[in-house]
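Data first, discussion second: the structure below is written as structure tokens.
The values are calculated or read from the model by the stated rules, or taken from the named source; none is laboratory data. This is a predicted model, so every value here is computed, not measured. Positions of Cβ are generated from backbone atoms using ideal geometry, with glycine treated the same way; all protein chains shown enter the neighbour counts.
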Amino acid sequence: MIEDGSKYFHEDVQYSDALKARLAQGVEMDSAKAMGQYLQDWCGGDLDIVDFGGGPGHYLPVIRSRYAKGRLSYKSVDIDATHVEFGKRHFAGQPDVEFCVGSVMTPEPHLARANCVVSANTLPHVPALAPLLACLRESKNIRYIVFRMLIGNECVQIKKHLRADHFEHLFDRDFQFNNIYSADYLAHGLGPDWALEIRPDIFDASRLEQHRLPEQETNPFYGNRVSRPVNGMIFKGDIYMPWKFVLGRRIA
Ligand SMILES: C[S@@+](CC[C@H](N)C(=O)[O-])C[C@H]1O[C@@H](n2cnc3c(N)ncnc32)[C@H](O)[C@@H]1O
């Protein structure tokens, strides 16, 4: 059976726990700060945000501290039920914060009350963007999108094999997508009612130089899943990761 590339998110408990720790400890990731900054620059008014792959909601405090143009509500939709439980406990008693087990591959049920869709570091890892783009095209209530994803001059599907020394079912199992899309593809999928801008990623190279996850201490091969800077570019294992921010606004 060919997997859809999401299994490792359920199995990578160390990574899942690292995101929860960032929330609990108030760690502001560079990409969360950039997300907050771009929301502030690009959007206006009250925002009802859906965050696909938002994990336990560790971006929310950062977004709240940066967005000053109106009220915020926030909903994280994630396939990892442990994130949803952790987020619900952390933000208990805050009616404008929601968590839901769900997938960006079936986005429609989550968007009815939203006017802004964000996603950071998740869209390269899902098998396809077509369901999300089709839904955004039709959902007239969605006014803004802000995505951190891999953008290039062409569309490239990358399957990274996640095991150092087991090669059975190569590229059918135990892989991670790291897919790159062109701005033209996004414009094609969203249709003429959307205006798009591609903006640079914002990160601190010296901070990224120090970036390690606990699993790397005992499993050196795990480093092929962790970002590192090379001459001002971000690499993960052998792959150059052209991270960008995609800003979209509905114009009709
Ligand atoms: C690389 S993490 C990024 C988390 C967070 N946005 C950040 O930037 O720190 C990807 C997240 O997306 C979730 N995820 C993976 N596939 C998904 C899908 N199809 N739909 C929704 N969430 C998904 C994972 O469980 C994980 O929490």
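Which pairs have Cβ atoms under 7 Å, sit 6 or more apart or on different chains, and link a residue in segment 218-231 that is touching a residue at least 60 places away in the same chain (Cβ under 8 Å) to one that is part of a loop (DSSP other than H, G, I, E, B)?
Pairs that qualify, where the first residue is touching a residue at least 60 places away in the same chain (Cβ under 8 Å) and the partner is part of a loop (DSSP other than H, G, I, E, B), are Asn224/Gly237.
Considering only segment 191-244, give the strands (runs of 3 or more DSSP E) lying wholly within it that have at least 1 residues that are touching a Pro at 6+ places or on another chain (Cβ under 9 Å).
Answer list for segment 191-244: 233-236.
Within segment 108-130, count every residue that is of a type in the set (A, V, I, L, M), within 27 Å of Ile158 (Cβ to Cβ) and surrounded by fewer than 19 Cβ atoms within 10 Å (Cβ to Cβ).
Number of matching residues: 2.
For segment 8-29, state whether one or more residues are modelled with pLDDT of 95 or more and under 30 Å from Lys140 (Cβ atoms).
Looking through segment 8-29, none of the residues is modelled with pLDDT of 95 or more and under 30 Å from Lys140 (Cβ atoms).
What do you reckon, is Arg89 under 29 Å from His211 (Cβ atoms), free of Cβ contacts under 8 Å to residues at least 12 places away in the same chain and either within 9 Å of the ligand (Cβ to nearest atom) or over 14 Å from the mean Cα position of the chain (by Cα) (or both)?
It is true that Arg89 is under 29 Å from His211 (Cβ atoms), free of Cβ contacts under 8 Å to residues at least 12 places away in the same chain and either within 9 Å of the ligand (Cβ to nearest atom) or over 14 Å from the mean Cα position of the chain (by Cα) (or both).
If you go through segment 184-202 one residue at a time, do you hit one that is modelled with pLDDT under 95, within 19 Å of Thr122 (Cα to Cα), within 20 Å of the chain's Cα centre (by Cα) and crowded, with 17+ Cβ neighbours inside 10 Å?
no
On the given criteria, is Met105 within 13 Å of the ligand (Cβ to nearest atom), out of contact with any Cys (no Cβ under 9 Å at 6 or more places or on another chain) and in a helix (DSSP H, G or I)?
Judged against the criteria, Met105 is not a match.
Among the listed residues Val62, Val77, Val27, Val50, which satisfies the condition of being surrounded by 14 or more Cβ atoms within 10 Å (Cβ to Cβ) and either in a loop (DSSP other than H, G, I, E, B) or among the basic types (Lys, Arg) (or both)?
Sole residue among the options that is surrounded by 14 or more Cβ atoms within 10 Å (Cβ to Cβ) and either in a loop (DSSP other than H, G, I, E, B) or among the basic types (Lys, Arg) (or both): Val27.
Do you know which residues across segment 30-47 are in a helix (DSSP H, G or I) and out of contact with any helix residue (DSSP H, G or I) (no Cβ under 8 Å at 6 or more places or on another chain)?
Once the filter is applied, which keeps residues that are in a helix (DSSP H, G or I) and out of contact with any helix residue (DSSP H, G or I) (no Cβ under 8 Å at 6 or more places or on another chain), segment 30-47 yields Ser31, Ala34, Tyr38, Asp41, Trp42.
So, in segment 114-150, exactly how many residues are among the β-branched types (Val, Ile, Thr), within 14 Å of the ligand (Cβ to nearest atom) and not in a strand (DSSP E or B)?
Qualifying residue count, segment 114-150: 2.
Every residue in segment 55-86 that is more than 11 Å from the ligand (Cβ to nearest atom), among the hydroxyl-bearing types (Ser, Thr, Tyr) and either under 16 Å from the mean Cα position of the chain (by Cα) or on the phi > 0 side of the Ramachandran plot (or both), please.
The one that is more than 11 Å from the ligand (Cβ to nearest atom), among the hydroxyl-bearing types (Ser, Thr, Tyr) and either under 16 Å from the mean Cα position of the chain (by Cα) or on the phi > 0 side of the Ramachandran plot (or both): Tyr74.
Could you grab me the full set of residues in segment 8-19 that are within 10 Å of the ligand (Cβ to nearest atom), part of a helix (DSSP H, G or I) and not polar (S, T, N, Q)?
Tyr8, Phe9, His10, Tyr15, Ala18, Leu19
Starting from segment 98-111, keep only residues that are touching a residue at least 12 places away in the same chain (Cβ under 8 Å), then list their pairs with residues that are within 8 Å of the ligand (Cβ to nearest atom) and of a type in the set (Val, Ile, Thr) whose Cβ atoms are within a distance under 6 Å, requiring at least 6 positions of separation or different chains.
Once the first residue is touching a residue at least 12 places away in the same chain (Cβ under 8 Å) and sits in segment 98-111, its partners that are within 8 Å of the ligand (Cβ to nearest atom) and of a type in the set (Val, Ile, Thr) give Cys100/Val77; Gly102/Val77; Ser103/Ile79; Val104/Val126; His110/Val77.
Kindly check whether there is at least one residue in segment 41-54 that is of a type in the set (Phe, Trp, Tyr), under 15 Å from Asn121 (Cα atoms), within 8 Å of the ligand (Cβ to nearest atom) and in contact with a strand residue (DSSP E or B) (Cβ under 8 Å, 6 or more places away or on another chain).
So far as segment 41-54 goes, yes, one or more of its residues are of a type in the set (Phe, Trp, Tyr), under 15 Å from Asn121 (Cα atoms), within 8 Å of the ligand (Cβ to nearest atom) and in contact with a strand residue (DSSP E or B) (Cβ under 8 Å, 6 or more places away or on another chain).
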